[in-house]
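The values are calculated or read from the model by the stated rules, or taken from the named source; none is laboratory data. Small disclaimer: the values here were computed from a predicted structure and weren't measured. We place every Cβ from the backbone using ideal geometry, glycine too, and count neighbours over all the protein chains shown.
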Amino acid sequence: MKIGSGVLLSKISNEVYNKGLSGLEFAIGIPGTIGGAIKMNAGAYGGEFKDIVVSSEYLDKNLTIHEINNREHEFKYRFSRFNNNKDDIIVSSILQLQKGNKKEIKAKMDANIKSRKEKQPINFPSGGSTFKRGDGYITAQLIDKCGLKGYNIGDSYVSDIHAGFIVNKGNATAKDVLSLIDIVKKKVHDEFSIDIELEIEVLGED
Ligand SMILES: Cc1cc2nc3c(=O)[nH]c(=O)nc-3n(C[C@H](O)[C@H](O)[C@H](O)COP(=O)(O)OP(=O)(O)OC[C@H]3O[C@@H](n4cnc5c(N)ncnc54)[C@H](O)[C@@H]3O)c2cc1C
């Protein structure tokens with residue numbers, strides 16, 4: 001199925017469910033578009049875009065269209081070639097989905113949404129998971145063990161529901177968030193000698 005890069009994940013997940021197609025259940029509840037999700041190889045609940053992308057068309061800065069296959073996306077955990085080629089714009093992608101049982105697809109989607117509501121601080125604005133999952137450790141658990149749940153700089157808080165999320169409880173500035181990130185990184189480093197990495201992309205600093 002060929003999908004334009006601007007299509008919202010919530011919309012396409014529901015549309016393919018209506019057609020009885022399985023493979024995108026993991027994406028329901030991830031806020032964003034197909035383009036952003038492919039660029040960062042978004043994933044959740046055991047699924048990732050790298051598992052379902054057949055090919056993508058992108059436009060380079062000279063407005064030339066290219067088509068790349070799955071391997072040429074250079075997918076890794078929360079990474080694709082588009083991280084290193086920021087001028088390239090994904091236009092559309094072909095996803096491989098399977099005919100499935102609508103009841104089972106719906107059950108998976110409902111379970112994923114339920115789990116998100118229970119385990120993620122979706123009642124406050126955030127950039128999603130602030131830090132990448134570690135190799136051999138769960139970053140949120142390390143942050144929690146440092147006693148940082150609920151720690152804040154201004155209105156920027158380490159979520160007390162999920163320590164991997166930094167949430168804005170009012171008027172947090174980018175500066176507040178970045179200062180809090182520095183504190184979290186330092187405390188985890190001091191406690192565990194581990195350098196945790198950002199999953200979010202920093203665009204503004206004030
Ligand atoms: C509450 C919450 C929960 C989240 N849960 C998850 C999760 O479970 N799993 C997960 O993986 N992520 C999760 N995220 C992160 C989410 O995947 C990203 O925020 C989203 O995919 C970004 O997509 P976007 O379309 O909004 O892109 P933007 O935020 O607009 O852009 C993100 C990046 O992608 C680039 N980009 C966007 N469109 C294109 C395009 N067409 N071509 C090339 N580059 C493009 C932008 O230049 C930018 O670098 C979560 C975020 C939030 C806020």
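So which residues in segment 102-119 are modelled with pLDDT under 95 and either away from the ligand (no atom under 12 Å from the Cβ) or within 15 Å of Y157 (Cβ to Cβ) (or both), if there are any at all? Hit for segment 102-119 is E118, nothing else. Screening G29 against (1) at positive phi; (2) without any contact (Cβ under 8 Å) to a residue 24 or more places away in the chain; (3) small (G, A, S) leaves a single unmet condition, (2).
For T130, the requirement of being closer than 26 Å to D160 by Cα, in contact (Cβ under 8 Å) with a residue 12 or more places away in the chain and in contact with a Leu (Cβ under 9 Å, 6 or more places away or on another chain) is met. Here K86 meets each of (1) in contact with a strand residue (DSSP E or B) (Cβ under 9 Å, 6 or more places away or on another chain); (2) near the ligand (Cβ under 9 Å from one of its atoms); (3) within 30 Å of T130 (Cβ to Cβ) with one exception, condition (1).
Just to verify a result, which residue in segment 93-122, among those that are touching a Phe, Trp or Tyr at 6+ places or on another chain (Cβ under 9 Å) and within 29 Å of H66 (Cα to Cα), is surrounded by the fewest Cβ atoms within 10 Å (Cβ to Cβ)? Looking at the filtered set, the residue picked out is L95.
Applying the set (1) buried (at least 18 other Cβ atoms within 10 Å of the Cβ); (2) within 19 Å of the chain's Cα centre (by Cα); (3) β-branched (V, I, T) to I89 leaves exactly one unmet item: (1).
Filtering segment 42-55 for residues that are more than 8 Å from the ligand (Cβ to nearest atom), at pLDDT 95 or above, of a type in the set (D, E) and in contact with a Gly (Cβ under 9 Å, 6 or more places away or on another chain) leaves a non-empty set.
With respect to L63, is the statement that it is of a type in the set (A, V, I, L, M, F, W, C) and under 19 Å from the mean Cα position of the chain (by Cα) true? Spelling it out, it is not the case that L63 is of a type in the set (A, V, I, L, M, F, W, C) and under 19 Å from the mean Cα position of the chain (by Cα). Among the residues making up segment 43-77, those that are outside any strand (DSSP E or B) and β-branched (V, I, T) are I52, T64. With the structure loaded, tell me whether S93 is outside the structural domain of N69 (by TED's automatic domain parsing) and not β-branched (V, I, T) or whether it fails that test. No: the conditions fail for S93. Here P31 fulfils each of the conditions (1) loosely packed, with under 15 Cβ neighbours inside 10 Å; (2) under 23 Å from Q120 (Cβ atoms); (3) more than 12 Å from the ligand (Cβ to nearest atom) apart from (3). For segment 1-28, taking the residues that are within 10 Å of the ligand (Cβ to nearest atom) and over 20 Å from I122 (Cβ atoms), the one that is surrounded by the fewest Cβ atoms within 10 Å (Cβ to Cβ) is identified as G6.
For segment 127-173, the tally of residues that are crowded, with 21+ Cβ neighbours inside 10 Å, of a type in the set (S, T, Y) and within 14 Å of the ligand (Cβ to nearest atom) stands at 3. Is it true that some residue in segment 70-78 is within 8 Å of the ligand (Cβ to nearest atom) and not hydrophobic (A, V, I, L, M, F, W, C)? Yes, segment 70-78 has at least one match. Against the conditions (1) in contact (Cβ under 8 Å) with a residue 24 or more places away in the chain; (2) more than 21 Å from A42 (Cβ to Cβ), I166 satisfies every one except (2).
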